[in-house]
Amino acid sequence: MKKSIISFIAVMLVIVLIGIAAIMGFSVGDKTIIPSVFDSENGIRRGLDLVGGSSITFEAQLPDGYDSGNLSKDMETAQEMLRERLTREGFTEASVTLQGDKRLVVEIPNIKNPEDAVKILGATAQLTFTDADGKVWLNGSDVKEAKAQYGRISESSVKEEHYVQMTLTADGQKKFADATQAISSRTDGQNWMAINLDGVAQSQPGVHERIDSDSCIIYGSFNADSAKSLANLINVGQLPFTLDQVELRAVGPQLGSNALRSSFVAALIGIALVAIFMIIIYRLPGFISVIALGFYMVIEAVILSLLKVNLSLPGIAGIILSIGMAVDANVVIFERVKEELRAGKSVKASIDSGFKRAFTAIFDSNITTLIAAAVLFWKGTGTIVGFATTLGLGVIISMFTALTVTHFLLNRMVDFRIKNPKVYGA
Amino acid sequence: MKSKFQIIKNFKIFGIISCILCIVGIVSLIALPFGKNFFNLSIDFAGGTEMEFNMHAAVTPDMKGEIADLFKEATGVDGTVVEAGSGVNQQAIIRSTSIDTDKRSAVIEAMKAKFNLTDDDLYNNEDVSASVGNDLKTAAFISAILAAILMMIYIAIRFEFTSGLAAVVCLLHDLFVMLSFYVIFQVQMDQNFIAAALTILGYSINASIIVFDRVRENLRVARKEPFEDVAERSVWQTMGRTINTTVTTLLTVGMVFILGVPSLRNFTLPLIIGIVSGAYSSIFLSASLWGKFRKIFRRRHA
């Protein structure tokens, strides 16, 4: 009896503590162990439909006869170009992701009118090579290819380093020879060549001699990433396709905050109604299931935070739906327990066989919902993936809490000698 | 258990009700590849541009006319204007075929100038090309078929082939009821419908499985009893669970429908229809269908 009281209190305490951790966050020193559910930087990220912002999808318009073997390499180049343009425009929180094989999705939070961004991002890239006076010597069509490399840059150098190797066309080689001759004869501080994207300098290597070769290297204080980034940007000049905006979703910030607030209120009322319903129908077990539901919600909150789920409106719908479904396992069990009680078994025996017999039903029925969530996760795009994530997680966690927490707490009730079948809804 | 009325014996009645509920959805779905569209498809599927402006005023028919004229002038394309929200702070939604960024900019600038709006008043600005819309349609079909096949395989393994077949028929029933509802009431169908429909696939089959699980269990001890009687008893034994789970799910989803923003409402409406239909099919159809399929199956192998 004494042991039961202690373990009952221990379970309640665990729920409260996890709940506090979920709301306040939990960190040791500077290191965040569990981010708070409200911490949108370290924890649950809020989707564009909640904070306001734009999602712009560009599709590569492949010309006839395009060698599709180059597609993944060229898309990487296009992605780098979009990133560079976003940074330049000050959208430092924006992201660019590849969708399918020829679409790029740009997500920009907190932007009010996205049309300017659509124009700038989708514009054909202008790659130029200029001198200190701004004279254009070469452009993108003069370059065959740029590659990030690692190794010794010449026979005589000792250390290995990252550099960018650029291959030129025959025409480009001639122009490059002229350019390097002119630039290298300038005074120090003026003898550099700028590589510009859309008129903005990306790199300014110094030129010390005339280079008459179909290939040259750009070196000096690169790391693997910066070398790759510059190589990609130089390749922008040879992108054989243009990017067309095929989808745009822009949500104003006000609409987003309304959405978050109203769904929060809806969820609270919904949960309260479910709790009242369960207690009225199932009495004591109903009350236990409400505690289990509390456990389910705090666990779900912590896991969503830890996984840094990108929460969008359908994602919220998934959470709320799974709360409604979370009590399902409890309902199946309690109905079973009631039947066993009616058949004249003792409370303890009824609870045990109720759980045992309900298990296959709960297991099989949850697997099918998981199959649906998995297909959505796999085949869906955008916000649908968020919905699949929250729904799938909800199903797994609810099955776990029903089979462990509810069972454990109900057994404690029996230990407390609450043995009147009426209390169990029979 | 004493039953108030016979579910299995009255299968014909429930079957006919279901056929009536499904027929509109089935016909509309079959007509789709033949170029006849009875659905009210949103730009997600159909492609197009949709912009929503907060007008800081009641949107009168006159104002709608002005906005439509302004849109035509700025883009050369006809747009339809509808109002949203209520009271003296309404929004105007303009829909048209897909227009490019230059034209959209022109509309936004013209609206800002004419009605004294700022960028903050641009609540929504969406554009979907026809190719993206078609991709979504294809993805929807593939996902639904894939999910149904996977579920049927799972049930066939855990139960038997005939029960898997019965569960999938119930699931298609719920899907068609949802489609019928959308066609009859001309509710706009957007990409959230796919997620809602697939959730219902999982949820509806979930309910059928609870019934089948009980039939499976009862069959083990009742070898001499006819299948119909076992099925009837099982349906009644699981009735409490089916109804109570439906109620709890409807409580949370219903709250979102009542209090949520329009886009969440679009998401929860099909869920509500599907949940109700799922309860109906698992109570009145699932066990009866299993019995029917079992008979057909056995006769063939006799």
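The values are calculated or read from the model by the stated rules, or taken from the named source; none is laboratory data. Here the structure is a predicted model, which is why all the values come from computation and not from measurement. Cβ coordinates were reconstructed from backbone atoms using ideal geometry, including for glycine residues, and neighbour counts include every protein chain displayed.
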Next on the checklist: Of everything in region A:26-55, what is touching a residue at least 60 places away in the same chain (Cβ under 8 Å) and of a type in the set (G, A, S)? Give them in sequence order.
Outcome noted: A:S36, A:G43, A:G47, A:G52, A:G53, A:S54, A:S55
Checklist entry - Name the strands (runs of 3 or more DSSP E) wholly within region A:1-112 that hold at least 1 residues that are over 30 Å from B:A130 (Cα atoms)? => result A:26-28, A:31-34
Item to check | Unmet requirement for B:I153, which otherwise passes all of (1) within 12 Å of chain A (Cβ to nearest Cβ); (2) touching a residue at least 24 places away in the same chain (Cβ under 8 Å); (3) β-branched (V, I, T) | outcome: (2)
Next on the checklist: Just to be sure before I move on: is A:I269 in a helix (DSSP H, G or I), within 11 Å of chain B (Cβ to nearest Cβ) and free of Cβ contacts under 8 Å to residues at least 24 places away in the same chain in the structure I sent?
Outcome noted: yes
Next on the checklist: Residue pairs, Cβ under 9 Å, 6 or more apart or interchain, first in region A:56-83 and farther than 11 Å from A:F241 by Cα, second of a type in the set (D, E) and at pLDDT 85 or above. List them.
Outcome noted: A:I56/A:E107; A:I56/A:E247; A:T57/A:E247; A:F58/A:D244; A:F58/A:E247; A:S68/A:D101; A:S72/A:D101
Item to check | Only one of A:R357, A:R336 that is in a helix (DSSP H, G or I), at the interface with chain B (Cβ under 8 Å from one of its Cβ atoms) and charged (D, E, K, R) | outcome: A:R357
Item to check | Hits in region A:376-410 (condition: surrounded by fewer than 17 Cβ atoms within 10 Å (Cβ to Cβ) and of a type in the set (S, T, N, Q)) | outcome: A:T404
Checklist entry - So which helices (runs of 4 or more DSSP H) are wholly in region B:193-302 and hold at least 1 residues that are at the interface with chain A (Cβ under 7 Å from one of its Cβ atoms)? => result B:227-259, B:262-280
Checklist entry - Is at least one residue of region A:280-291 within 34 Å of the chain's Cα centre (by Cα) and farther than 25 Å from A:K419 by Cα? => result no
Checklist entry - Right, A:D352: over 25 Å from the mean Cα position of the chain (by Cα), without any contact (Cβ under 8 Å) to a residue 40 or more places away in the chain and more than 10 Å from chain B (Cβ to nearest Cβ) or not? => result yes
Item to check | Conditions (1) touching a helix residue (DSSP H, G or I) at 6+ places or on another chain (Cβ under 9 Å); (2) within 14 Å of chain B (Cβ to nearest Cβ); (3) modelled with pLDDT of 90 or more: number failed by A:A78 | outcome: (2)
Item to check | Selection from region A:217-239 of residues that are assigned to a strand (DSSP E or B) and buried (at least 18 other Cβ atoms within 10 Å of the Cβ) | outcome: A:I218, A:F222
Checklist entry - What do you reckon, is B:I67 hydrophobic (A, V, I, L, M, F, W, C) and out of contact with any Asp or Glu (no Cβ under 8 Å at 6 or more places or on another chain)? => result yes
Checklist outcome for this item: Scanning region B:158-189 for residues that are part of a helix (DSSP H, G or I) and touching a strand residue (DSSP E or B) at 6+ places or on another chain (Cβ under 7 Å) gives B:Y182
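Is there a residue in region B:88-108 that is more than 10 Å from chain A (Cβ to nearest Cβ) and free of Cβ contacts under 8 Å to residues at least 12 places away in the same chain?
no
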Checklist entry - List the pairs whose first member sits in region B:67-80 and is more than 20 Å from B:Q91 (Cβ to Cβ), whose second member is hydrophobic (A, V, I, L, M, F, W, C), and whose Cβ atoms are under 7 Å apart, counting only residues at least 6 apart or on separate chains? => result B:V77/B:I99
Item to check | Output for region A:103-113, where each listed residue is at pLDDT below 90 and either within 11 Å of chain B (Cβ to nearest Cβ) or under 16 Å from A:E59 (Cβ atoms) (or both) | outcome: A:I111, A:K112, A:N113
Checklist outcome for this item: Quick count over region A:91-147, residues being small (G, A, S), touching a Ser or Thr at 6+ places or on another chain (Cβ under 8 Å) and free of Cβ contacts under 8 Å to residues at least 40 places away in the same chain, is 0
Item to check | Selection status of A:I333, surrounded by fewer than 24 Cβ atoms within 10 Å (Cβ to Cβ) and not acidic (D, E) | outcome: no
Checklist entry - Can we say A:G172 is more than 14 Å from chain B (Cβ to nearest Cβ), exposed (fewer than 15 other Cβ atoms within 10 Å of the Cβ) and free of Cβ contacts under 8 Å to residues at least 60 places away in the same chain? => result no
Checklist entry - Which of the residues that make up region A:360-370 are at the interface with another protein chain (Cβ under 7 Å from one of its Cβ atoms) and buried (at least 23 other Cβ atoms within 10 Å of the Cβ)? => result A:A361, A:S365, A:T368, A:T369
Next on the checklist: Please pick out the residue among B:K36, B:K103 that is of a type in the set (K, R) and either in contact with an Asp or Glu (Cβ under 7 Å, 6 or more places away or on another chain) or modelled with pLDDT of 90 or more (or both).
Outcome noted: B:K103
Next on the checklist: Taking the condition of being more than 15 Å from B:D44 (Cβ to Cβ) and not aliphatic (A, V, I, L, M), how many residues in region B:190-210 meet it?
Outcome noted: 6
Checklist entry - In the set A:K135, A:K119, which member is surrounded by fewer than 16 Cβ atoms within 10 Å (Cβ to Cβ) and in the same structural domain as A:M81 (by TED's automatic domain parsing)? => result A:K119
Checklist entry - Within region A:277-296, is even one residue charged (D, E, K, R) and more than 9 Å from every other protein chain (Cβ to nearest Cβ)? => result yes
